[in-house]
Amino acid sequence: MQTLTSIETLRHQIQAWRHNGQRIAFVPTMGNLHDGHLNLVQTAKQNADKVVVSIFVNPTQFGPHEDFARYPRTESADSLRLSECATDVLFLPTVETLYPQTSQTQVSVPEVANRLCGLHRPGHFDGVALVVCKLLNMVQPDILYLGEKDFQQLTVIRRMVNDLNIPTQVVSVATVREADGLAMSSRNTYLSQEHRALAPVLYQTLIETREALLENANPSLLLTQRIQHLEQLGFVVDYLSLCRQQDLHEASAEDTDLVLLVAARLGSTRLIDNIRFER
Ligand code: PAF
């Protein structure tokens, strides 16, 4: 595995691979890697000749009172895990490389971004769209691999890639879970022991809510009851919503491809999860 920090050396390597007709996959991350990330890398390697992974804690996607400063930076351990797991290039740019002082351009996908998490984290998805757009221009991959845990992020990026005619296929990979069902996330390490024990209730709630909806429960009544139940247990719920998979608009009775999404806080840790289903 090569570790590259400059856009020039990255482009040089990519051009050499392209010259040899090799297919390139890309997995963007913010580091503090867990098995969910490694699963993305392994899936990428099964479908491409070369895999580029980036680690960049992107300041533009954090709000002023969010966890940018304390976000876990574990580059040595991450680098070791990636080198043992089919990564060809680890791209580790600095903030100055990604965002030179002259940088002004914004990327936003308002219709998909300004709902759900976007209402609670203003500007978050603009930051995600900008950094992913820039990284895609640097790596120019054939395939981009993203986890389904952040379903809204996936939807925003799919729309951006489509709208901007970026010649990259976006492939999503199922959420990897702990044995008790909690979706793997770099932020799980923030949870106290007590909150860690409670956290899997979020996924159980999604499963039970899906079952009730498939048995024709009234969605708005059901969602209100489930939110109340989570709050009684100690969660502070930002939302529990039933949406259309395609654009994350609130689902109507006619919609068939659905996704239940939840965001809730335990102490200062914000957890998100979702479950897709058809009816
Ligand atoms: O999901 C993440 O880790 C980040 O939002 C991403 C896609 C790497 C952009 O910074």
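Descriptive notes on the structure:
- Förster radius 35 Å - calculated FRET efficiency between residue 70 and residue 254 (Cβ-Cβ, nearest 0.05): 0.20
- Computed from phi, the 3J(HN,Hα) profile of segment 268-279 under the Karplus parametrisation 6.51, -1.76, 1.60 (θ = phi - 60°) reads 9, 9, 9, 10, 10, 7, 7, 9, 9, 7, 10, 9 Hz, with x in place of Gly and Pro.
- Share of carbon and sulfur in the accessible heavy-atom surface of segment 166-223 [1.4 Å probe, %]: 51
- Global form of segment 75-173, assessed from the alpha-carbon gyration tensor, a/c cut-off 1.5: prolate
- Its relative contact order, with pairs defined as Cα atoms under 8 Å and 6+ residues apart, puts the chain at 17 percent.
- Using θ = phi - 60° and Karplus 6.51 cos²θ - 1.76 cosθ + 1.60, couplings along segment 61-73 (whole Hz; Gly, Pro as x): 9, 9, x, x, 10, 8, 9, 4, 5, 9, 4, x, 10
- What the Cβ-Cβ distance of residue 163 and residue 198 gives, at R0 = 35 Å and to the nearest 0.05, is a FRET efficiency of 0.35.
- Cβ-defined net charge surrounding residue 271, 11 Å radius [Lys, Arg +1; Asp, Glu -1]: +3
- Each other residue within a Cβ distance under 12 Å of residue 108 adds +1 if Lys or Arg and -1 if Asp or Glu, for a net charge of -2.
- What a 1.4 Å probe finds exposed on segment 1-129 is 49% carbon and sulfur by accessible area, rounded to a whole percent.
- Total formal charge among the other residues, if their Cβ is under 9 angstrom from that of residue 33, Lys/Arg +1 and Asp/Glu -1: -1
- Solvent exposure of the chain amounts to 48 Å² per residue of accessible area, where only protein heavy atoms count and the probe is 1.4 Å.
- Cα gyration tensor category, rounded, prolate or oblate, for the chain with a/c compared to 1.5: prolate
- Where labels lie 7 Å past Cα in the beta-carbon direction, separation of residue 94 and residue 212 in nm: 5.3
The values are calculated or read from the model by the stated rules, or taken from the named source; none is laboratory data. Keep in mind that what you see is a predicted model, and the values were worked out from it rather than measured. With ideal geometry, Cβ positions are generated from the backbone for all residues, glycine too; neighbour counts draw on all protein chains shown. Calculation scope for accessible area: heavy atoms of the full protein, side chains included, ligands and nucleic acids excluded. Shrake-Rupley method; radii C 1.70, N 1.55, O 1.52, S 1.80 Å.
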